[in-house]
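The values are calculated or read from the model by the stated rules, or taken from the named source; none is laboratory data. Note that the coordinates shown come from a computational prediction; the quantities given were computed from them, not determined experimentally. Here the Cβ positions follow ideal geometry from the backbone for every residue, glycine too, while neighbour counts run over all protein chains shown.
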């Protein structure tokens, strides 16, 4: 054992030394050997994946034919199906019931007034019996009216109301199917990986072409992005059901269908609700991107504000998204945790549905009142608040007074931290890099992982995007390092003090749901276009999991272990560094893993402030409507995150197994 | 499905013609969908077009859409008219999508796009030789930042915009470094920031746009563009390199789905007839972005004052 | 106790692994324990044959991992045996279609689980009525039958509680109730009381015997607790490493343990409390005893009598003398 450890150490050190040696002298060696391909992958060897992909998608859309109908008919049919319920919901919340089209349309019935929507959310919150939550939810909805975000918010809300149930139902169905068939599970899992890691920008254009321009395409993009966690949660929930429960269902004489719908699914409801919560949050993350392909709503407002450099307008619309997200998140979470209490008395129809009946009368009442007093229909304009000026002045103030300080801070970080990392990644010859990645894969996950790493890196090389991939790695790497340096201590703090936890959770939730587009422009104004700005934006977005997982790991340690440490005479400091942190390490690793995933997904968006990485390539694919280029670059991003994910997860599992904790 | 729907529409319009004594003689009452983008000029052009078509009796719907992504919709006939496709930024897309005839170029809006290096007026004190491009090298240092020093820093547009600025710097032997912004949001964000601090900045600005009216400044004057300049290295100051001149200025095009011509030929003619000139547009944009009027109000005023002009479009 | 077998297992094997059927076939359906292990298979049940008689309580007893749970799951076909036949009321369980199997479970079988396996989203009455619900019986009707069972298991007044509002003992009453809802003929109980506290366990055992006295089901009861087995069983099956080691009455096991494994279980038991006179009496009839004892009296209750009298006669139920018992035999038995 000792011997093995020692030899591992020797191999590790020699590989590191070799890596640095090659980084410094790689070019000279290549020149000396007269084989330049060692440092720069020759262009004419790249495989034109992009062109083939484009041709294939074009064929699919224009010529693919299933005898009775074309591929295009099929996709349009799906679009039509999704469009119907969407139109109904949109009519209820935003447009009213219309007759006719375009400007000839006559409104037959008004949409729900803002007071009615407040009523609906109030009633929903009542079921949770949580006073704080009721206040929070009502205030959130009132915010939308007061800050003049009502129209757009309702459009966004309508698309969430459609996207979430579709995502949830599809997710559960796919989850059930893959629970029943091992083969299907094996097919679905990698597809889910790709759905979660290929940047959305990469498949926007194909979706547009297939499903037509407008809110439906946006809904479909949202569903693709938000559904995978639902499939995973369903599968997880079903697999973790006590086998005795399943047997007791069978022994009660259930058919297979009865077993699924009367026993397994209801029993996994609490876990499934966590999945629903995830779907809601991810759908809201998509609001901005969805608005690029015609979803309208708050996302469109944010984009338009950016275009006008209306920072305040962007922040107000952005916060409207945050507010909706937090209200829906807290609501769905507390529904998941709702205690089931005994029905000790038999209920009549009225007492059972009391709240809903009241709500219906309330809405009708408001509707009638709305015909007499506009206050009940529209929030009065003179009561609305506009903070645009405040934000603008704030950014201006910081810009004028602190720009120089920020600038010198930025220069220091750039020269001593970011640039060396960049040079390192770009300097290592690609064959050596692939070799090292494969070795790391083998060390943590044996042959299978090594093969995966090898195949995926080779794919990236052959697309000819190696250099951009390395810039991606450098940007992602430096962001993750700084995010960890900030996030882990914050997480420790949150894990040790419940008050800190509360404050930090609110802060992190805001950071994660506030569309990055909102702070992209102020950050550009303060730090100029460039890698540094991109890094700041990435850190802001990717900080959350580092904090959250660390807090969870530090807090959730078996109490007996803590007591044992205290009895042994640990000081609080020793307790933290000798007990809590080492035991939280697997969890912290998972947090960093999540941070990497978020950083990679954010890099595509930072292409908007001028990076030169794979994100830019994806973005070019989007703006030039070049399907193949976008998809191939998107796949490269996906492969990088899959490699990182598998290696870190394997490492974390090894640690957990070593400590025997699950 | 679609054919059936069309037949139904034709039938409907027949009934219309027979019984309703159609006042407008409109080919179809289905809504014509015009796309809205996220800059004021385009909102104004599109709204004017929409109002004009409404006057002619057409049913109009305005749909927010992305500048390039909208082509997918135009191609399939989900969208019908896009009022501003700039020669300077939309050329590739126009070429790609008009190739098979499903999208058509309906001609110029009459406005010309300008894209060029631009600087705020306060920089003239530090670099009195401007706007002549030959002054650029003398005051490169004045435009530098710590990252580019001693070279000047020029903030170019997103790489997707093309523009050949890297080649231009090379060909004219400028001591400048080109940094590419990712979007025009970032571009003008930096301008706003520098303008607030009266800090040096040189960047890509295009017109018609609100920026030249909001910020006081000028375009750099390069040797004027010719086609040879871009294609023939021996042309111009540098005998060994192309791109030793300014950027081309080109029209802003209108594009439409081929469906427009088939289904609403009258509307197609109106779109084709539409023209505005750049100065007029500059004033309209300023009325919105600087004076704080709404797009609707500005458009309504224009409609009231120019009845004789738009009247001819829908004849 | 009538002797018609309700359920018969013939040479049942259960192996886990890639292709256990082929493996068994290639080894003559009787592979060595070592070979099984070496070939990467896990042996859960090894060649088990047994009969379950009508109305008896058959206890299957063994330590964890001995295969007792798997065996019982083979009998209910929750698990398919690798090879071997199982007949329930002369029906070959292995040949049943899915629907036929569901029909049998809906009307003839019930099962109680170690960890109760109650449906957490259903109230007590909904849990108990569940087997009737899946048969499609109307709400009114099934709730009526469920209420009868709630009476039987002593949960009156708790009908509308959710499982997690009940104590462990009460939860298992629900489990028992649910398994009885279809009035099964064959009743499986898989370690039903082992998750309960000792005092509650004892109470539940008594309750169970009471229920069985009134219902007279054919019962297969699994436990790892030998005391419990002896207390409840008509017959006991001892399993070890997937193999049936011994089948017999409690007394058979104590008096004639088949091997050291069984012996180890029985050694520390208070044998005088478990064994009856019959098992140690002398079959020579010595009529000159003034005192008599019955053959099925437990030894500890006649101890004093024998020690003071020196010798007693043993009577059967109809008071015929069938043997005798003297002081020496008894003291020898106790000091053993």
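Determine, yes or no, whether residue B:166 is assigned by TED's automatic domain parsing to the domain that holds residue B:223, surrounded by fewer than 20 Cβ atoms within 10 Å (Cβ to Cβ) and more than 30 Å from residue B:68 (Cα to Cα). Step through it out loud before you land on a result.
Details: assigned by TED's automatic domain parsing to the domain that holds residue B:223: yes; surrounded by fewer than 20 Cβ atoms within 10 Å (Cβ to Cβ): yes; more than 30 Å from residue B:68 (Cα to Cα): no.
No, not satisfied.
Take the residues in the stretch B:74-84 that are more than 8 Å from every other protein chain (Cβ to nearest Cβ) and part of a loop (DSSP other than H, G, I, E, B); name whichever of them is modelled with the lowest pLDDT.
Applying the filter and picking the extreme gives B:77.
Report the residue count in the stretch B:61-73 for those that are within 8 Å of chain A (Cβ to nearest Cβ), touching a strand residue (DSSP E or B) at 6+ places or on another chain (Cβ under 6 Å) and either surrounded by fewer than 24 Cβ atoms within 10 Å (Cβ to Cβ) or touching a residue at least 40 places away in the same chain (Cβ under 8 Å) (or both).
Residues that pass the stated criteria total 3.
Please note which helices (runs of 4 or more DSSP H) are completely contained in the stretch B:85-193 and include at least 1 residues that are touching a residue at least 12 places away in the same chain (Cβ under 8 Å) and in contact with a strand residue (DSSP E or B) (Cβ under 6 Å, 6 or more places away or on another chain). Write out each step before concluding.
On the way: elements: B:87-98, B:123-126, B:165-171.
Qualifying helices (runs of 4 or more DSSP H): B:87-98, B:165-171.
Considering only the stretch B:214-225, I want to know if a residue exists there that is assigned to a helix (DSSP H, G or I), out of contact with any strand residue (DSSP E or B) (no Cβ under 7 Å at 6 or more places or on another chain) and modelled with pLDDT of 85 or more.
Start the filter on the stretch B:214-225 by keeping residues that are assigned to a helix (DSSP H, G or I), which leaves B:214.
Those left that are additionally out of contact with any strand residue (DSSP E or B) (no Cβ under 7 Å at 6 or more places or on another chain): B:214.
With modelled with pLDDT of 85 or more added as a condition, the list becomes none.
Scanning the stretch B:214-225 turns up no residue that is assigned to a helix (DSSP H, G or I), out of contact with any strand residue (DSSP E or B) (no Cβ under 7 Å at 6 or more places or on another chain) and modelled with pLDDT of 85 or more.
Any residue at all in the stretch A:162-170 that's in the same structural domain as residue A:284 (by TED's automatic domain parsing), in contact (Cβ under 8 Å) with a residue 24 or more places away in the chain and surrounded by fewer than 19 Cβ atoms within 10 Å (Cβ to Cβ)? Walk me through how you get there before you give the answer.
In the first step, residues of the stretch A:162-170 are kept if they are in the same structural domain as residue A:284 (by TED's automatic domain parsing); the result is A:162-170.
Still in the list and also in contact (Cβ under 8 Å) with a residue 24 or more places away in the chain: A:162-164, A:166-168, A:170.
Next, from what is left, pick out any that are surrounded by fewer than 19 Cβ atoms within 10 Å (Cβ to Cβ): A:170.
Yes, the stretch A:162-170 contains a residue that is in the same structural domain as residue A:284 (by TED's automatic domain parsing), in contact (Cβ under 8 Å) with a residue 24 or more places away in the chain and surrounded by fewer than 19 Cβ atoms within 10 Å (Cβ to Cβ).
For residue C:121, work out the one condition from (1) surrounded by fewer than 19 Cβ atoms within 10 Å (Cβ to Cβ); (2) at the interface with chain A (Cβ under 9 Å from one of its Cβ atoms); (3) within 25 Å of residue C:213 (Cα to Cα) it doesn't fulfil.
The number of the failed condition is (3).
Just give me the residues in the stretch B:25-45 being more than 8 Å from chain A (Cβ to nearest Cβ) and part of a loop (DSSP other than H, G, I, E, B), in sequence order.
B:25, B:26, B:27, B:28, B:37
How many of the residues in the stretch A:619-657 are closer than 20 Å to residue A:192 by Cα, within 14 Å of another protein chain (Cβ to nearest Cβ) and modelled with pLDDT under 90? Show your work before the answer.
Keep residues of the stretch A:619-657 that are closer than 20 Å to residue A:192 by Cα, which gives A:630-650.
From what is left, the residues that are within 14 Å of another protein chain (Cβ to nearest Cβ) are A:630, A:633.
Those still in the list that are modelled with pLDDT under 90 too: A:630.
The qualifying residues number 1.
Only one of these conditions is not met by residue B:315: (1) free of Cβ contacts under 8 Å to residues at least 40 places away in the same chain; (2) part of a helix (DSSP H, G or I). Which number is it?
Condition (2) is where residue B:315 drops out.
Which of the numbered conditions does residue C:274 fail, given that it passes all the others? Conditions: (1) surrounded by 15 or more Cβ atoms within 10 Å (Cβ to Cβ); (2) farther than 24 Å from residue C:230 by Cα; (3) out of contact with any strand residue (DSSP E or B) (no Cβ under 6 Å at 6 or more places or on another chain).
Evaluating residue C:274 over (1) surrounded by 15 or more Cβ atoms within 10 Å (Cβ to Cβ); (2) farther than 24 Å from residue C:230 by Cα; (3) out of contact with any strand residue (DSSP E or B) (no Cβ under 6 Å at 6 or more places or on another chain) leaves (2) as the failure.
Could you list all residues from the stretch A:238-255 that are away from chain C (no Cβ under 12 Å) and free of Cβ contacts under 8 Å to residues at least 40 places away in the same chain? Lay out the reasoning, then the answer.
Initial filter on the stretch A:238-255 (away from chain C (no Cβ under 12 Å)): A:238-240.
The one that is away from chain C (no Cβ under 12 Å) and free of Cβ contacts under 8 Å to residues at least 40 places away in the same chain: A:240.
Is there a residue being within 11 Å of another protein chain (Cβ to nearest Cβ), in a helix (DSSP H, G or I) and in contact with a strand residue (DSSP E or B) (Cβ under 6 Å, 6 or more places away or on another chain) anywhere in the stretch C:164-180?
yes
Let's see how each residue does on (1) free of Cβ contacts under 8 Å to residues at least 60 places away in the same chain; (2) within 14 Å of chain A (Cβ to nearest Cβ):
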position	(1), (2)
C:48	no, no
C:51	yes, no
C:55	no, no
C:62	no, no
C:69	no, yes
C:73	yes, yes
C:98	yes, yes
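Being touching a helix residue (DSSP H, G or I) at 6+ places or on another chain (Cβ under 8 Å), within 14 Å of another protein chain (Cβ to nearest Cβ) and modelled with pLDDT under 90: is that true of residue A:211 here? Walk me through how you get there before you give the answer.
On the way: touching a helix residue (DSSP H, G or I) at 6+ places or on another chain (Cβ under 8 Å): yes; within 14 Å of another protein chain (Cβ to nearest Cβ): yes; modelled with pLDDT under 90: yes.
Spelling it out, residue A:211 is indeed touching a helix residue (DSSP H, G or I) at 6+ places or on another chain (Cβ under 8 Å), within 14 Å of another protein chain (Cβ to nearest Cβ) and modelled with pLDDT under 90.
Among (1) surrounded by 23 or more Cβ atoms within 10 Å (Cβ to Cβ); (2) more than 10 Å from every other protein chain (Cβ to nearest Cβ); (3) over 30 Å from residue A:205 (Cα atoms), which single condition is residue A:279 missing?
(3)
Out of all the residues in the stretch A:256-268, which are surrounded by fewer than 17 Cβ atoms within 10 Å (Cβ to Cβ) and facing another protein chain (nearest Cβ under 7 Å)?
A:266
With the checklist (1) surrounded by fewer than 19 Cβ atoms within 10 Å (Cβ to Cβ); (2) within 13 Å of chain A (Cβ to nearest Cβ); (3) in contact with a helix residue (DSSP H, G or I) (Cβ under 8 Å, 6 or more places away or on another chain) in hand, flag the one item residue C:131 doesn't pass.
In the conditions (1) surrounded by fewer than 19 Cβ atoms within 10 Å (Cβ to Cβ); (2) within 13 Å of chain A (Cβ to nearest Cβ); (3) in contact with a helix residue (DSSP H, G or I) (Cβ under 8 Å, 6 or more places away or on another chain), residue C:131 misses (1) alone.
Going residue by residue through the stretch C:185-196, is there one that turns out to be over 26 Å from residue A:265 (Cβ atoms), more than 12 Å from chain A (Cβ to nearest Cβ) and free of Cβ contacts under 8 Å to residues at least 60 places away in the same chain?
Taking every residue of the stretch C:185-196 in turn, at least one turns out to be over 26 Å from residue A:265 (Cβ atoms), more than 12 Å from chain A (Cβ to nearest Cβ) and free of Cβ contacts under 8 Å to residues at least 60 places away in the same chain.
Which number in (1) in contact with a helix residue (DSSP H, G or I) (Cβ under 8 Å, 6 or more places away or on another chain); (2) at pLDDT 80 or above marks the one condition that residue C:292 misses?
Result: residue C:292 passes all but (1).
Say whether the condition of being touching a helix residue (DSSP H, G or I) at 6+ places or on another chain (Cβ under 6 Å), more than 26 Å from residue A:12 (Cα to Cα) and in a helix (DSSP H, G or I) is met by at least one residue in the stretch A:466-478.
Yes.
Right, residue A:290: more than 14 Å from chain C (Cβ to nearest Cβ), touching a helix residue (DSSP H, G or I) at 6+ places or on another chain (Cβ under 9 Å), in contact (Cβ under 8 Å) with a residue 12 or more places away in the chain and not in a helix (DSSP H, G or I) or not? Lay out the reasoning, then the answer.
Numbers: more than 14 Å from chain C (Cβ to nearest Cβ): yes; touching a helix residue (DSSP H, G or I) at 6+ places or on another chain (Cβ under 9 Å): yes; in contact (Cβ under 8 Å) with a residue 12 or more places away in the chain: yes; not in a helix (DSSP H, G or I): no.
When the stated conditions are applied, residue A:290 does not pass them.
At least 3 residues that are surrounded by 14 or more Cβ atoms within 10 Å (Cβ to Cβ), at pLDDT 90 or above and under 27 Å from the mean Cα position of the chain (by Cα) in each: list the helices (runs of 4 or more DSSP H) lying fully within the stretch C:11-99 that qualify.
Working: elements: C:20-26, C:33-38, C:68-75.
By residue number, C:68-75.
Does the stretch C:193-204 contain any residue that is modelled with pLDDT of 90 or more, in contact with a helix residue (DSSP H, G or I) (Cβ under 9 Å, 6 or more places away or on another chain), buried (at least 21 other Cβ atoms within 10 Å of the Cβ) and assigned by TED's automatic domain parsing to the domain that holds residue C:57?
yes
Which residue out of A:551, A:542, A:494, A:534 is within 13 Å of another protein chain (Cβ to nearest Cβ), touching a helix residue (DSSP H, G or I) at 6+ places or on another chain (Cβ under 7 Å) and either crowded, with 19+ Cβ neighbours inside 10 Å or touching a residue at least 60 places away in the same chain (Cβ under 8 Å) (or both)?
Values: A:551 fails: within 13 Å of another protein chain (Cβ to nearest Cβ); A:542 fails: within 13 Å of another protein chain (Cβ to nearest Cβ); A:494 fails: within 13 Å of another protein chain (Cβ to nearest Cβ).
One residue alone meets the criteria, A:534.
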